Amino acid sequence: MKKFLENTLPVAIALLLTAGVVGAAGLIVGHVRQSQDAAWCKKAVPTQITVKGQVTAVPADQLATDRANCEAQRRSQRGILGAVWKTGGQQMADCGIDWGRYQQLSNGDRTPAVNQVMTQYGLSPSLDPGSLTDQHTFITACLAKKNSH
């Protein structure tokens with residue numbers, strides 16, 4: 001038994017060290033990715049909206065909520081400690097951002113920006129921004145377009 005322990009102890013220590021290094025690397029990369037998400041969402045979430053032809057700044061508390069939701073969505077599309085995208089995760093996160101942009105733009109007047117968001121996926125800009133069915137239609141069309149490239 002003593003010989004068995006002497007032979008397996010170095011292997012067990014090597015496995016534990018390897019697992020520790022891989023885990024630490026995953027945590028570090030995950031943390032870096034999360035900070036990149038914050039920077040990306042800061043650029044992606046609009047700070048102004050057009051309502052009935054008037055450009056209005058998004059209130060600071062709503063802007064903070066929108067950015068936090070954007071970051072949470074991107075984090076949910078990753079696995080392995082947040083370090084790598086799940087299969088299709090990056091495309092799904094990007095489509096979610098486009099749907100959010102459509103929701104925000106469509107709350108005001110129908111503008112060329114609304115039409116641009118929709119027509120790039122072959123959809124008409126008549127989808128209801130509050131409908132889960134229309135959201136599914138949008139996400140499905142968006143993923144099909146992104147996966148065809």
_Matching entry among 36, 62, 135, 90 (being in contact with a helix residue (DSSP H, G or I) (Cβ under 7 Å, 6 or more places away or on another chain), polar (S, T, N, Q) and assigned to a helix (DSSP H, G or I))_ = 135
*Go over the candidates 61, 128 one by one and state the one that is among the acidic types (Asp, Glu) and surrounded by 11 or more Cβ atoms within 10 Å (Cβ to Cβ).*
128
*Residue satisfying all of: in region 87-146; among the acidic types (Asp, Glu) and within 17 Å of the chain's Cα centre (by Cα); nearest to residue 37 (Cα to Cα) among these*: 94
*Does residue 89 qualify as being without any contact (Cβ under 8 Å) to a residue 24 or more places away in the chain and not charged (D, E, K, R)?*
yes
*Members of region 39-59 that are within 22 Å of residue 78 (Cα to Cα) and either part of a loop (DSSP other than H, G, I, E, B) or in contact with a Pro (Cβ under 6 Å, 6 or more places away or on another chain) (or both)*: 45
_Selection from region 36-57 of residues that are modelled with pLDDT of 85 or more and over 25 Å from residue 90 (Cα atoms)_ = 57
*Of the residues that make up region 95-107, is at least one among the β-branched types (Val, Ile, Thr), over 20 Å from residue 40 (Cα atoms) and out of contact with any strand residue (DSSP E or B) (no Cβ under 8 Å at 6 or more places or on another chain)?*
no
*Considering only region 1-22, state which residues are at pLDDT below 85 and either of a type in the set (S, T, N, Q) or under 21 Å from residue 76 (Cα atoms) (or both).*
7
*State all residues of region 65-80 that are more than 11 Å from the chain's Cα centre (by Cα) and part of a loop (DSSP other than H, G, I, E, B); if no residue qualifies, say none.*
80
*Go through the residues of region 102-118 one by one and say whether even a single one is over 30 Å from residue 28 (Cβ atoms), in a helix (DSSP H, G or I) and among the β-branched types (Val, Ile, Thr).*
yes
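The values are calculated or read from the model by the stated rules, or taken from the named source; none is laboratory data. Predicted, not measured: the structure shown is a model, and the values here were computed from it. Cβ coordinates were reconstructed from backbone atoms using ideal geometry, including for glycine residues, and neighbour counts include every protein chain displayed.
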